[in-house]
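Right, one structure below, let's go through it.
The values are calculated or read from the model by the stated rules, or taken from the named source; none is laboratory data. Model, not experiment: these values are computed from the prediction. Don't worry about glycine lacking a Cβ; one is built from the backbone with ideal geometry, like all the others, and counts go over all protein chains shown.
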Amino acid sequence: MALSIDYSRVADNDFCVIPEDERDRSGRWMNPVTQALGFASMFIGIGEITEANAPEFYARLRAYELISGSLLQGPEGDRPLTPEDVQRHVGLRMNVSRESDAVFRKRLWDVAKDRAAYMWRSSVPTPE
């Protein structure tokens, strides 16, 4: 199933869309921050940003970014998503199921372990 990102419930959601005259040749129409938060929901297992869960959404997001790197990447460079980015997107909904803390922690551990293994393989010379 394809990811669906619904910003219709975000207050003053005009910033979620790039104005037509500012779109690049790729035809990208969604604000990169909005899009990054939408994709992040799949990694962190939370499908909606609410006032109540915004701190948890950000905590999971930041933990993931600390291990895997910034999800927001652009021509100006990478930058981590901020608490302000999350707060501004209260109301954002994605077709992602809510996962327990235990499931999230296991995924985070798997990502950390895979990244560490990759770093090991990349730095240790292979025997000839």
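What to note about this one:
- When each of R62, R98 is tested for being surrounded by fewer than 19 Cβ atoms within 10 Å (Cβ to Cβ) and in contact with a strand residue (DSSP E or B) (Cβ under 9 Å, 6 or more places away or on another chain), the lone residue that passes is R98.
- Test: residue in region 75-94 that is within 16 Å of V10 (Cα to Cα) and of a type in the set (V, I, T): yes
- Within region 114-128, residues that are under 16 Å from S68 (Cβ atoms) sit with their Cβ atoms under 7 Å from residues that are surrounded by 10 or more Cβ atoms within 10 Å (Cβ to Cβ) and not aromatic (F, W, Y), at 6+ positions apart or across chains, in these pairs: R115/I67; R115/S68.
- Looking only at residues in region 68-81 that are part of a loop (DSSP other than H, G, I, E, B) and either over 11 Å from the mean Cα position of the chain (by Cα) or aromatic (F, W, Y) (or both), the one that is surrounded by the fewest Cβ atoms within 10 Å (Cβ to Cβ) is P75.
- Subset tally (residues that are modelled with pLDDT of 95 or more and either under 15 Å from Q35 (Cβ atoms) or of a type in the set (S, T, Y) (or both)) for region 66-94: 9
- None of R98, R107 is basic (K, R) and assigned to a helix (DSSP H, G or I) except R107.
- Residue match in region 1-14 (condition: surrounded by 10 or more Cβ atoms within 10 Å (Cβ to Cβ), among the hydrophobic types (A, V, I, L, M, F, W, C), modelled with pLDDT under 90 and under 15 Å from the mean Cα position of the chain (by Cα)): no
- Taking every residue in region 78-95 that is at positive phi and pairing it with any residue that is part of a loop (DSSP other than H, G, I, E, B) and hydroxyl-bearing (S, T, Y), at least 6 positions away or on another chain, the pairs with Cβ-Cβ distances below 9 Å are G91/Y7; G91/S8; G91/T50.
- Leading residue by the ranking (surrounded by the most Cβ atoms within 10 Å (Cβ to Cβ)) among those in region 50-59 that are free of Cβ contacts under 8 Å to residues at least 24 places away in the same chain and assigned to a loop (DSSP other than H, G, I, E, B): N53
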